[in-house]
Amino acid sequence: MTGWRRLDRRTLGVTAVLAAGIAVSAGTPVAIGTRSPWLVPAAVVFVGAGVLADYVRWRHTRFRCTAERLEIEFAFVAHTRKSLPRERIRSADLTANPLHRAFGVAVLTIGTGQHERLTLAPLARVDAEALRAELLHRSPAAQDGPLATFDPRWIRYAPLSFVAPTLGFAAFGGLFKVADWFGAGGGLLKWLLNLFGELPLAVSIVLLLALALVAGVAGSVGLFAEMWWHHRLDREPGGTLRVRRGLLTTRSVTLEERRLRGVDLVEPLGARLAGAARVDAIATGVKQDDDETEAKTLLPVAPRAVAADVAARVVGESLDDVRLVPHPPAARGRRLRWALLTALAPVLVLLVLGALLTGVLLVVGAVLAAVALPVAVLLARDAYRGLGHGTRGRYLVVRAGSVRRSTAVLARDGVLGWTVKQSVFQRRRGLATFTATTAAGAGAYSIRDADAAEGLAFAAAAVPGILEPFASAPAEASRA
């Protein structure tokens, strides 16, 4: 395919339906409030203007794929042309929202892994798949078989995160915001409280919070299903991982394995208590923008055994029997002190304010202390038990965290350097933090509060050639 081609003409239908939906959803509240006779003509003009603008874009946009380059050109008032060299193309991702699917089209985003992207929006779904295969030199029919496929039972893990209460309270906040537009915010609150009859006010508030939590649970389940239904992780011939997912909006994300530097086994607290984890890729060039916040996720929250198996198959190393080096008891003391200080700070503020203003704050402070201090101790001890580091084959393994436990499996040849930090308090207890820097993933993975001498020897052995001068200096000093 070397000649110039146009985008799919069905984009005009997509734009017309989308603009009409915006006009109706935005215009209905205004029509109820104002009863203006100009709203219908204004909506027609809005839809027509949107379709006309999209027609100009479609009519004057063309693209072509040659043996050397992918080019896209827009020539109307101004003339712009963008191109990517074929040999630098590393990803070709497909997205299709419900409107795109209804019209049989998809959006194809091509990237180089260096923040250079071209977007063809939209193409016929068949054409988008064919162009993706051509750009990545893949045979559309060739597959090595899935590394993972979605199991509907994984939905049970959706409510076990902070997303559920956040969605619930956001839903109630949005409901009251809409009611305020019509001056009915107070009436809505009174109506909600009256749902519980003659119950005391405190009990009614607790029941409202429970109702918000139930709404949040339902929302988190729906969001999880929308994002991860039909999930499938494939290893394609030629060294490419492909993630496909989505219930209403379908997505296809490509990751070249030569950009992969490892995986991260992530266990949020709720999921970990239920024996679940997810798998994220540690890779260079993975976009982190708001449009694709889950671009790095290879496997959603699933049973930990499944997540560990997928991680092992991706990196090619078994992770079940990795022996991690435990950290000294002094690391547990540091976590306990920081946790107690964090929990005591708001308690002390409430106690001081209570002594100065009202005794109610004293009661609130006492209740907060009774709840927060034991939780802080439990989390600190759990965080200490989670500390560990080790090696497996050509990978460095680093584990840390409690509320969000992370086990990073990082390729040792992907480590660019080590940063060693030792505060005054760490020095007194013989501890240090060793941070492996890399161009992939988060950019830095830390071994926190390790034994200083052991950590230095471990870092030098794990990535030879970087820390030998520092590791040998103490030994020479002791001989002297």
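The values are calculated or read from the model by the stated rules, or taken from the named source; none is laboratory data. Since the model is a prediction, treat every value here as computed from it, not as a measurement. Positions of Cβ are backbone-derived with ideal geometry, glycine not excepted, and every protein chain shown enters the neighbour counts. Side chains included, ligands, DNA and RNA excluded: accessible areas come from the protein's heavy atoms. Shrake-Rupley method; radii C 1.70, N 1.55, O 1.52, S 1.80 Å.
Quick notes
- Protein heavy-atom accessible surface, 1.4 Å probe, per residue over the chain: 52 Å².
- Accessible area of ILE205 in the full protein assembly, 1.4 Å probe (Å², nearest 10): 80
- Simple spin-label estimate for ALA355 and VAL126 gives 7.9 nm between the two label positions (7 Å along the Cα-to-Cβ direction from each Cα).
- Neighbour net charge for TYR445 - beta-carbon separation under 13 angstrom, K R +1, D E -1: +2
- In the chain, the sites counted are trypsin sites (Lys or Arg not before Pro) in DSSP loop states with at most 14 other Cβ atoms within 10 Å, and the longest stretch holding none of them, exclusive of the sites, is 36-322.
- If only the Cβ of Lys and Arg carry +1 and only the Cβ of Asp and Glu carry -1, the dipole of the range 1-130 around its Cα centre is close to 160 debye.
- Measuring nothing but protein heavy atoms, the accessible surface of the chain at 1.4 Å probe radius is 64 percent carbon and sulfur.
- Percent RCO, i.e. relative contact order, over the range 340-384, from Cα pairs under 8 Å lying at least 6 residues apart: 41
- Selection from ASN97, GLY443, TRP191 lying farthest towards where the dipole of the chain points positive, charges on Cβ: GLY443
- Over the chain: Rg over Rh, Cα atoms, Kirkwood Rh: 1.04
- Taking Cα centre as origin and charging only the Cβ of basic (Lys, Arg, +1) and acidic (Asp, Glu, -1) residues, the dipole magnitude of the chain rounds to 300 debye.
- Multiplying the residue separation of GLU454 and ARG57 by 0.36 nm and removing their Cα-Cα distance gives an extension gain of 136.7 nm.
- For the range 148-232, averaging the sequence separation of C-alpha pairs within contact (under 8 Å, six or more residues apart) and dividing by the residue count gives a relative contact order of 59 percent.
- Three-way shape call for the range 343-394 based on the alpha-carbon gyration tensor, with the a/c threshold at 1.5: prolate
- Extreme residue, positive dipole direction of the chain, given options ALA53, ALA305, ALA281 (C-beta unit charges): ALA281
- If the convex hull is drawn through the Cα atoms of the range 238-382, its volume per residue in Å³: 193
- Helix runs (DSSP H) in the chain reaching 24 Å along axis by Cα, Kyte-Doolittle at least 1.6: 201-228, 359-386
- Ranking LEU12, PRO159, GLN422 by how far each Cα lies toward the positive end of the dipole of the chain (charges on Cβ) leaves GLN422 at the top.
- For the range 46-105: span of alpha carbons on each principal axis (Å, largest first): 42, 32, 13
- Charged-residue dipole, Cβ positions (Lys, Arg, Asp, Glu), the range 291-386 about Cα centre, Debye nearest 20: 580
- Normalised by the number of residues in the range 344-420, the average gap of Cα pairs under 8 Å and 6 or more apart makes the relative contact order 17 percent.
- Counting only DSSP H runs of at least 4 residues, each contributing -39500 (n - 2.57), and dividing by the residue count of the chain, the helix-based mean residue ellipticity at 222 nm comes to -15000 deg cm²/dmol.
- Between the range 54-99 and the range 226-290, the alpha-carbon center distance in angstrom: 26
- For the range 293-356: rounded, prolate or oblate by the Cα gyration tensor [a/c cutoff 1.5]: oblate
- Ignoring the sites themselves, the chain has its longest run without chymotrypsin sites (Phe, Trp or Tyr not before Pro) in a DSSP loop having at most 12 other Cβ atoms within 10 Å at 183-480.
- Cα gyration tensor, the range 49-177 - rounded (a/c under 1.5), prolate or oblate: oblate
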